[in-house]
Amino acid sequence: FLFGRTGRPLNSDEKGQNKKEILLARVPIGFVVGDKAGVRNISEKQLLDVLTRKITNWKELGGVDQKIVLAGREPTEAAFTVLKGEYPELAQLQFDQVLQRDHQVVNFIESPAGAYAVSFGFSANFEDKNLLGIKGFKTGSNCGLVYDAKNANLSVVKAAVDFARSDEWRKIANSGKYLPPSQEW
């Protein structure tokens with residue numbers, strides 16, 4: 001129980017409890033579309049226009065003439081929280097379908113009801129799905145390790161810190177599967 005896992009930077013209360021963090025990388029957020037939408041690539045601006053309902057039909061993006069169904073998650077879900085933090089215009093986003101778990105997003109997108117839908121989550125959840133390519137979009141949720149500051153001198157903690165700061169880890173973190181952390185620790 002030396003390390004805990006975190007999906008975000010520690011807040012001031014947590015740091016006040018003598019916790020330290022090792023931010024390793026950001027897990028990319030990806031968007032997935034239903035198999036009948038007819039769109040596989042859009043720009044970041046087009047994505048925001050879809051989410052803010054300035055674009056409401058797949059035809060406006062070169063796809064089929066069907067209404068875009070927005071499927072999302074509850075307001076406090078990790079990926080949605082990150083999106084709202086980076087794109088404040090999404091704070092009032094209203095979904096046509098609200099799902100509670102990552103696997104529900106996948107199941108919905110694969111169902112007839114999700115054939116014309118777009119949704120989001122962590123990209124790894126959609127590896128064999130219809131990922132939407134979004135030019136200019138590189139957003140993700142920080143992930144890392146948390147430990148008690150009293151353990152900072154333990155050899156395993158020092159090794160974890162050293163490896164997280166190494167060129168070897170930077171190469172892994174920048175290999176395309178992950179993004180660099182959004183802040184230094």
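Among the residues of region 38-56, write down those that are among the aliphatic types (A, V, I, L, M), outside any helix (DSSP H, G or I) and farther than 13 Å from residue 133 by Cβ.
Residues of region 38-56 among the aliphatic types (A, V, I, L, M): 39, 42, 47-48, 50-51, 55.
Add one more test, that the residue is outside any helix (DSSP H, G or I), and what stays is 39, 42, 55.
Correct list: 55 only.
For region 85-100, name all the residues that are farther than 24 Å from residue 114 by Cα and either basic (Lys, Arg) or touching a residue at least 24 places away in the same chain (Cβ under 8 Å) (or both).
Matches in region 85-100: 86, 87, 89.
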Residues satisfying the stated conditions in region 124-150, i.e. open to solvent by 30 Å² or more (accessible area, probe 1.4 Å) and of a type outside the set (A, V, I, L, M, F, W, C): 125, 127, 128, 129, 130, 135, 136, 138, 148, 150
So residue 70, is it part of a helix (DSSP H, G or I) and farther than 30 Å from residue 149 by Cα: no
Verdict on residue 60 being touching a Ser or Thr at 6+ places or on another chain (Cβ under 9 Å) and not in a loop (DSSP other than H, G, I, E, B): no
Candidate set: region 27-79, residues that are of a type in the set (Gly, Ala, Ser), out of contact with any helix residue (DSSP H, G or I) (no Cβ under 8 Å at 6 or more places or on another chain) and over 14 Å from residue 93 (Cα atoms); chosen: the one least open to solvent (accessible area, probe 1.4 Å): 63
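Of the residues 98, 82, 118, only one is out of contact with any helix residue (DSSP H, G or I) (no Cβ under 6 Å at 6 or more places or on another chain), open to solvent by 70 Å² or more (accessible area, probe 1.4 Å) and not in a loop (DSSP other than H, G, I, E, B); which?
Details: 82 fails: open to solvent by 70 Å² or more (accessible area, probe 1.4 Å); 118 fails: open to solvent by 70 Å² or more (accessible area, probe 1.4 Å).
Going through 98, 82, 118 in turn, just one is out of contact with any helix residue (DSSP H, G or I) (no Cβ under 6 Å at 6 or more places or on another chain), open to solvent by 70 Å² or more (accessible area, probe 1.4 Å) and not in a loop (DSSP other than H, G, I, E, B): 98.
The values are calculated or read from the model by the stated rules, or taken from the named source; none is laboratory data. These figures come from a predicted structure and were not determined experimentally. All Cβ positions, even for glycine, are placed from backbone atoms using ideal geometry, and neighbour counts span all protein chains on display. In case anyone asks, the SASA skips ligands and DNA or RNA and just uses the protein heavy atoms, side chains included. Shrake-Rupley method; radii C 1.70, N 1.55, O 1.52, S 1.80 Å.
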